[in-house]
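The values are calculated or read from the model by the stated rules, or taken from the named source; none is laboratory data. Just so you know, these numbers come straight off a predicted model, no measurement behind them. Cβ placement follows ideal geometry from the backbone for every residue including glycine, while neighbour counts extend to all protein chains displayed. Remember, those area values only see protein heavy atoms, side chains included, never the ligands or the DNA or RNA. Shrake-Rupley method; radii C 1.70, N 1.55, O 1.52, S 1.80 Å.
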Amino acid sequence: MKLEDVKHIAVIGSGSMGHGIAELAGLAGYTVTMQDISEEVVNKGYENIKWSLQKLAEKNLVPKDVAEQAEKNITPVVDIEEAVKNADVVIEAAPEIMKLKKEIFEKLDQFTPDHAILASNTSSLSITDIGQVTKRPSQVVGMHFFNPPVKMALVEVIKGGDTDEATMKLIYDLSEKMGKTPVNVVKDVRGFIVNRVLVGPYLFEAGWIASRGEATVEEVDSRMKFYEGFPMGPFELQDLTGIDIGYHLTQEAGLPIPSLIEEKVKAGEVGRKSGKGFYDYNNGGADYPQEAGKNFDPSLIYSLMVNEAAWLLENEVTTAEEIDLAVRLGAGFPEGILRRADKLGLDKLLTTLEAKHKELNDDRYKPCQMFKDMVAQGKTGEAAGEGFYSYGQTAAASYHAIQLDIDTDTHVAWITLNRPDRLNAINEDMRNELPHAFAQLAKNDDVRAIVIQGAGDKAFSAGADITEFSAGKPYEFAELGEFFTTPAECPKPVIAAIDGYCLGGGMELSLSCDFRLISKRSEMGQPEIHLGLIPGGGGTQRLARLIGTSKAKELCMMGDRISADEAHRLGLANQLYEDNEFSAKVKEFAETLAARAPVAVRMTKRVVDEGAQAPTSTALLLEREAFGLLFTTDDMNAGVTAFLTKQKPNFTGK
Ligand code: COA
């Protein structure tokens, strides 16, 4: 079966995962039956879908007619045979109990057409075992969404022991059609990717560290959140997901449980849902101070996460890129765990792990072979030139926070700010990589115009990565501003293609470009004031020069976002385009610019920018000198000859 052949999807379960998955399938245009054990339960799921679709439409995240159609596409059903009898794909999202899943899959096998693919949204159970209760194990597959499915971008597509390639591909393609980013997990291993890296090493190791008295709950949480950039500390996260959930999964896997976690579960203090967990939610909640984490060393947590990730590579479960993508999208890691390992140094992490292994004589701390081999071979990370990634001459291949594409036919280079999971917030990698890319592009004669755009569908960039603010030093922030001069200093013209949020440092980066093209749905703003800051990358200066001091002060002091219409009206944006035409219009603008006489374009940029800083007489002199100089170029000859012979000029940039 091909993706085009999929018409009807059945979702088993209407809880938080089930109804979210049904909603996504309805939004993707499929007819959907959503099944649960009683009318009351399934109708509640359906009400949740209606509410969520309404919110998506209200926030303009989905067109109103699409949301209305999605609602009509979904039918709540109680009878399982009725729900699945016409299904091309079934996605099961029932509770995580193997016996129950097996019963359901037996029924699915019996009631669905022979061609139907049977997917399970399990986060922890064996796809192989589930598949074996059916007569079609090759068509049984894992399709693991993250909670809440409508918001979280990741889907792990898991190959059971018997799953065939065609089934894997279909579910991968279907995940994309449902607006998600799939990663392939080609072996049916415990925890797949995200939970394997997250649960034991992050959540549970934090429990062990506190149980052994090596650090307090607040010290660990503060370190990981404020200094390491994780969305929340491991204890706060367990309170949110429910301490009992990880506890039962770990118990089922036959693994030991830290005493602190055991005590919490026994006392019924399982997190937010019970009012108390590691923190007391009737009394302030997870309000740990930033200073608490200052001296806690997170190496052990990192070394365990890296060990699990290396184990996945050693066992050919997936690739380094997919592991990093999965932990970013599925667990909100600030960057890929393997990328971070390369920065921290594999040798240091291995030393930490081996020391703990020796100290406790516990095999949970035993490094896997690949981890040891890499260190023995000197592949210790970025400083050594090679780790999980290569950091050699071909730097473009090892960009992590940006993507660079050069179209040699049109002479346009496209730089994509590539952290869509953080709204393309500017982090350390981006600050290193963007100037590097510009240095390459300045030298590359094939490139005549450069476009900066944001990845994903929400933002150009939401500014500096705020999660890096606690760990940085004041002088580093003072120097940070240099990054924002990069487009302005480039001799070639640079276009900011703004589609979505363009805030703080993102806006300042765009102000450093020569042109700002904006889509109607976009919003711009300098919200730093809400953080007790001022713009640090030219926001007070370039903005004032562009739109006048008074309006610039208003934007910087009030911190409000302005619409694309207003940005255009103020002269902040050169062109305002309809949302659905945006990409095509940007391309046209960039290609037209790249087709103009390259030397004259570069001279224009320099004369306008430098002239604006100089007295008028000096500026006019600059202009005259440049004008005269251009008479020595092949481009001028080509332009004049083309005019006289009524042909199109062919500029060579010489
Ligand atoms: N730094 C780091 N992370 C950022 C970020 C930033 N500047 N801006 C957004 N993100 C992250 C969010 O924390 C969130 O991560 P999560 O999914 O792990 O929670 C993710 O990007 C998506 O953003 P979210 O806030 O859920 O989207 P939204 O549509 O509700 O709101 C914004 C969008 C832009 C209004 C909001 O993210 C925001 O106010 N960001 C900060 C903007 C800012 O102050 N910039 C200036 C920095 S100096």
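For residue 350, neighbours were defined as the other residues whose beta-carbon sits under 12 Å from its Cβ, and their charges (Lys and Arg +1, Asp and Glu -1) total +2.
How much length is gained if the chain between residue 176 and residue 64 is pulled fully straight, taking 0.36 nm per residue apart and subtracting their Cα-Cα distance, in nm to one decimal? Each step should come with its number before you reach the end.
Working: separation 112, 0.36 × 112 = 40.32 nm, distance 2.16 nm.
In short, 38.2 nm is gained.
In the chain, helices alone account for a calculated mean residue ellipticity at 222 nm of -13500 deg cm²/dmol, with every DSSP H run of four or more residues adding -39,500 (n - 2.57).
Both radii come from the Cα set of the stretch 561-654: Rg as radius of gyration, Rh as Kirkwood radius; their ratio Rg/Rh reads 1.09. For the stretch 344-446, the alpha carbon convex hull comes to 133 Å³ per residue, rounded to a whole number.
Fully extended, how many nm does the chain gain between residue 283 and residue 31 (0.36 nm per residue separation, minus their Cα-Cα distance)? Present the calculation step by step, with values, prior to reporting the outcome.
Numbers: separation 252, 0.36 × 252 = 90.72 nm, distance 4.61 nm.
Between residue 283 and residue 31, full extension yields 86.1 nm more.
Under 5 Å from the amide H of residue 449 lie the amide H atoms of 413, each residue being 5 or more positions distant or on a separate chain, with H modelled from the backbone and absent for Pro and chain starts. Placing dummy labels 7 Å off each Cα toward the beta-carbon, the span from residue 478 to residue 55 is 4.5 nm. The stretch 420-492 has equivalent-ellipsoid semi-axes of 24, 17, 9 Å, by the square roots of 5 times the alpha carbon gyration tensor eigenvalues, sorted largest first. Against the main long axis of the alpha-carbon atoms of the chain, helix 598-613 sits at an angle near 80°. A simple packing score, the average count of other Cβ atoms within 10 Å per residue, orders the peptides 363-371, 121-129 as 121-129, 363-371, with the highest score first. When Rg and Dmax are taken over the Cα atoms of the stretch 236-292, they come to 11.9, 37 Å. Taking every DSSP bridge with both residues inside the stretch 3-185, close to 15 percent are antiparallel. Across the stretch 166-183, coupling constants 3J(HN,Hα) worked out from phi with the 6.51/-1.76/1.60 Karplus curve, θ = phi - 60°, read 4, 5, 4, 5, 4, 6, 4, 5, 5, 4, 5, 4, 7, x, 10, 10, x, 10 Hz, and Gly and Pro carry x.
For residue 631 and residue 580, what is the calculated FRET efficiency with R₀ set at 51 Å and r taken between the beta-carbons, to the nearest 0.05?
About 0.70, to the nearest 0.05.
Note on the stretch 3-185: along the principal axes its Cα atoms extend 44, 33, 29 Å, ordered by decreasing extent. Charging the Cβ of each Asp and Glu at -1 and of each Lys and Arg at +1, and nothing else, the dipole of the chain about its Cα centre rounds to 1280 debye. Where only protein heavy atoms count, and the probe is 1.4 Å, what is the accessible area per residue for the chain in Å²? That works out to 46 Å² for each residue. Diffusion coefficient (Stokes-Einstein, Kirkwood radius over C-alpha pairs, 4 °C, 1.567 mPa s) for the chain: 47 µm²/s, rounded to a whole number.
Assuming R0 = 35 Å, can you tell me the calculated FRET efficiency for the pair residue 165 and residue 608, based on Cβ-Cβ distance, to the nearest 0.05? Could the numbers behind the result be given before it?
Values: r = 57 Å, r/R0 = 1.62.
Computed FRET efficiency for residue 165 and residue 608 comes out at 0.05.
Each of residue 252 and residue 290 was given a label point 7 Å from its Cα along the Cα-to-Cβ line. The distance between the two points is 4.0 nm. For the stretch 186-191, putting each phi into the Karplus relation 6.51 cos²θ - 1.76 cosθ + 1.60 with θ = phi - 60° gives couplings of 8, 9, 7, 9, 4, x Hz, in residue order, rounded to whole numbers and with x for Gly and Pro. For the chain, with all protein chains in place and a probe radius of 1.4 Å, 51% of the accessible heavy-atom surface sits on carbon or sulfur.
Taking amide H as placed 1.01 Å from N in the peptide plane, residue 187 has its amide H under 5 Å from the amide H of 159, each at least 5 places away in sequence or on another chain.
Which order do the peptides 42-48, 476-482 take when ranked by the mean count of other beta-carbon atoms within 10 Å per residue, highest first?
Values: 42-48: 18.3, 476-482: 13.1.
Final packing ranking: 42-48, 476-482.
Shape of the stretch 498-654 from its Cα gyration tensor (a ≥ b ≥ c, root eigenvalues): rounded if a/c is under 1.5, otherwise prolate when a/b > b/c, or oblate? Mind dumping the intermediate values first?
Values: a/c = 3.29, a/b = 1.63, b/c = 2.02.
Here the stretch 498-654 falls in the oblate category.
Here's how it looks for residue 8: its modeled amide H is under 5 Å from those of 88, 89, which are all 5 or more places away or on a different chain. For the stretch 396-594, the C-alpha radius of gyration divided by 2.2 N^0.38 Å, with N the number of residues, is 0.95. In this rough spin-label picture, where each label sits 7 Å from Cα along the Cβ direction, the residue 78-residue 115 distance is 3.3 nm. The figure for residue 1 is an accessible area of roughly 80 square angstrom, using a 1.4 Å probe on the protein chains alone.
How do 12-22, 212-222, 454-464 rank on mean C-beta neighbours within 10 Å, highest first? Write down the numbers at each step before the final one.
Numbers: 12-22: 25.3, 212-222: 19.7, 454-464: 23.3.
Final packing ranking: 12-22, 454-464, 212-222.
Computed over the alpha carbons of the stretch 194-376, Rg followed by Dmax gives 15.9, 51 Å.
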